[in-house]
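To keep things clear, I will list the structure first and then write my remarks on it.
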Amino acid sequence: MKKIMILLILAIFALPVVGQAHTTLSSSTPAEGSVVTETLEEVVLTFGTVIEQGSTLTLESEGVTYDFEEITLSSEAMTGAIKEELPNGMYTIQWTIIGVDGHLIEGEIPFELAVEVVEEEPVEEESVVETVEEPVVEEATVTEEQTAQATETTEDEGGNLLVTILLILAVAVIGFFGFRLLKKK
């Protein structure tokens, strides 16, 4: 009877660990904080679960929202095809998905678009030598807001991980003492 009680207590403590299994973003193209140097044609987000209909994806830059030509959902990936060439600048991909468990999960991915602009050389009728200065590409700077968002995301994921680890340790400690009690009798 005591063995059954101990197993029941262990099962009760193990249930919150199972409930902590929320979906997270596995990867993205472009990646968070990256500098994209080629023309961006699509955005691809991959998650740790099947994505349900009703999930959304937007692309914003300095208060301007850019529409996707098409957003497709396939199993664990959401892909947005960009319908226009984007100007260089800082962008944020904002996403909201509905996971298989029915929970809404949202996030954002900041990145910079810095495509080198190639100017066509005018046809010269005379043999005049012109000097063309190469464009200077500035290094990406991360704003305080982006740093805070990245920190919040990391803290949220770290907080969930910490709770999960503590619950597993608590179950292990209770199991250890339960086993010792059973062994003494």
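Residues of the stretch 91-102 being in contact with a strand residue (DSSP E or B) (Cβ under 9 Å, 6 or more places away or on another chain), surrounded by fewer than 16 Cβ atoms within 10 Å (Cβ to Cβ) and at pLDDT below 90, which ones?
Selection gives Val100 alone.
When the residues of the stretch 76-90 are filtered to those that are in a strand (DSSP E or B) and either in contact with an Asp or Glu (Cβ under 7 Å, 6 or more places away or on another chain) or of a type in the set (S, T, N, Q) (or both), which remaining residue is surrounded by the most Cβ atoms within 10 Å (Cβ to Cβ)?
The extreme case among them is Gly80.
The values are calculated or read from the model by the stated rules, or taken from the named source; none is laboratory data. Small disclaimer: the values here were computed from a predicted structure and weren't measured. A quick note on method: Cβ atoms are made from the backbone with ideal geometry, for glycine too, and the neighbour counts reach across all protein chains shown.
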